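The values are calculated or read from the model by the stated rules, or taken from the named source; none is laboratory data. Just so it is clear, the model here is predicted, and its values are computed rather than measured. In this analysis, Cβ positions are derived from the backbone assuming ideal geometry, glycine residues included, and neighbour counts consider all displayed protein chains.
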Amino acid sequence: MSRLAVRRLLVPYLMGQVRDGLRNAALLDGRPWQVITSPESTATGIPDKNEQLRSMGRIYALLAQQVSKIAAAGDLPLSIAGDCVSSMGMLAGLQQAGREPQRILWLDAHGDFHTWATTQTQYLGGMPLAMLVGRLDRRKAQRDSIAAMRAAVGARPYPEERIVLSDARDLDPGEKEALRASAIVRCTFDAVLAHLSPQETLYVHFDTDVLDESERMPALKYHVPEGPRLEQMAALFERLRDYRVVAVSVSSWHAEHDADSKAARACLDLLDVLLPELPVTNS
């Protein structure tokens, strides 16, 4: 991997709702982190899904602005946020800087490929990959609020065939069929590198719940058994050092349940494996 300066961005929100506990990751790390906040998004609870989307649009538009500046300067943006929808801001920023990645590696225990047509829970956190590739909001008598959010952030739909999804071992009915019919490349964890090329630019999105670490990282969200352990993820990240990684985003743990900081420390350690010996100060 070419040597790029890492610029660290912290987004203390979950589905547009404030989660200040995430700030602890920056304190633990001890290196400079830029905290992304919106003065209009101050609520810790937003029951209305459309208002959540509007809040995320504001927050991730600000994230996109910073990512664009970082990428345009030839540096590598790294973000930690409370949800996977933050990837919209990361991708938008890369696109705005003219540095859209040739490949996205999406590491997640879930498919994140629900739309309103398939979801049974209406949880927006189950939709980000579908949002990223431009799947529509199909609720009856509703405007396409997902497209509106994407427009607010400034992101263009990303080609499905350029996404590698691993390992998505926990899929819901409807979501499973939608993924199978899509052009997204889905593979097991041990087959990831077979679908990547060191010559391609790569954006790595890492949802920490891909890990099977309920004992060592009890604050992880949505534990799903039979996934990779910390050591396996570290081994993959070490191999990815030789790839042209241009951006990294992390969907975090339950910060409010991480009183011992085990999840935060483990995640920061993994990021140091993926991004070793790089400049660590923000200019």
It is to be established whether one or more residues within region 84-98 are in contact with a strand residue (DSSP E or B) (Cβ under 6 Å, 6 or more places away or on another chain), surrounded by fewer than 22 Cβ atoms within 10 Å (Cβ to Cβ) and of a type outside the set (S, T, Y).
no
I'm checking my understanding of the structure. Among residues of region 162-194 that are hydrophobic (A, V, I, L, M, F, W, C) and in contact with a Lys or Arg (Cβ under 7 Å, 6 or more places away or on another chain), which one is surrounded by the fewest Cβ atoms within 10 Å (Cβ to Cβ)?
L193
I'd like the full set of residues that are β-branched (V, I, T) and farther than 25 Å from W253 by Cβ, limited to region 84-137.
T115, T118, V133
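Conditions tested, residue by residue: (1) touching a Ser or Thr at 6+ places or on another chain (Cβ under 8 Å); (2) assigned to a loop (DSSP other than H, G, I, E, B); (3) touching a residue at least 40 places away in the same chain (Cβ under 8 Å); (4) not polar (S, T, N, Q).
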{"position": "S79", "(1), (2), (3), (4)": "yes, no, yes, no"}
{"position": "E100", "(1), (2), (3), (4)": "no, yes, yes, yes"}
{"position": "W106", "(1), (2), (3), (4)": "yes, no, yes, yes"}
{"position": "T121", "(1), (2), (3), (4)": "no, yes, no, no"}
{"position": "G125", "(1), (2), (3), (4)": "no, no, yes, yes"}
{"position": "M149", "(1), (2), (3), (4)": "no, no, yes, yes"}
{"position": "D167", "(1), (2), (3), (4)": "yes, no, yes, yes"}
{"position": "A183", "(1), (2), (3), (4)": "no, yes, no, yes"}
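Can you confirm whether region 46-60 contains a residue that is over 30 Å from E238 (Cα atoms), aliphatic (A, V, I, L, M) and either free of Cβ contacts under 8 Å to residues at least 12 places away in the same chain or touching a Phe, Trp or Tyr at 6+ places or on another chain (Cβ under 7 Å) (or both)?
The first filter runs over region 46-60 and keeps only residues over 30 Å from E238 (Cα atoms), leaving 46-59.
Within this subset, residues satisfying the condition of being aliphatic (A, V, I, L, M) are 46, 53, 56, 59.
Of the ones still in play, those that are also either free of Cβ contacts under 8 Å to residues at least 12 places away in the same chain or touching a Phe, Trp or Tyr at 6+ places or on another chain (Cβ under 7 Å) (or both) are 59.
Yes, because at least one residue in region 46-60 is over 30 Å from E238 (Cα atoms), aliphatic (A, V, I, L, M) and either free of Cβ contacts under 8 Å to residues at least 12 places away in the same chain or touching a Phe, Trp or Tyr at 6+ places or on another chain (Cβ under 7 Å) (or both).
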Name the residue, out of L53, L94, L62, that is in a helix (DSSP H, G or I), at pLDDT below 95, among the aliphatic types (A, V, I, L, M) and farther than 18 Å from E256 by Cβ.
L53
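Each row is one residue, and each column tells you yes or no for (1) of a type in the set (S, T, N, Q); (2) part of a loop (DSSP other than H, G, I, E, B).
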| residue | (1), (2) |
| --- | --- |
| S197 | yes, yes |
| L202 | no, no |
| D209 | no, no |
| Y222 | no, yes |
| Q232 | yes, no |
| D242 | no, yes |
| R265 | no, no |
| L268 | no, no |
Considering residues of region 222-272 that are touching a helix residue (DSSP H, G or I) at 6+ places or on another chain (Cβ under 6 Å) and aromatic (F, W, Y) only, the residue nearest to V192 (Cα to Cα)
F237
Please state which of the following conditions D172 fails to meet, knowing it meets all the rest: (1) part of a helix (DSSP H, G or I); (2) touching a residue at least 40 places away in the same chain (Cβ under 8 Å); (3) of a type in the set (D, E).
(1)
Single unsatisfied condition, M127 versus (1) modelled with pLDDT under 95; (2) surrounded by fewer than 17 Cβ atoms within 10 Å (Cβ to Cβ):
(2)
Which of the residues spanning region 139-161 are surrounded by 15 or more Cβ atoms within 10 Å (Cβ to Cβ) and polar (S, T, N, Q)?
S145
Which of (1) within 28 Å of A64 (Cα to Cα); (2) modelled with pLDDT under 95; (3) touching a strand residue (DSSP E or B) at 6+ places or on another chain (Cβ under 9 Å) is the odd one out, the single condition A183 does not satisfy?
(2)
All but one of (1) among the aliphatic types (A, V, I, L, M); (2) surrounded by fewer than 18 Cβ atoms within 10 Å (Cβ to Cβ); (3) within 16 Å of the chain's Cα centre (by Cα) hold for L136, so report the exception by its number.
(3)
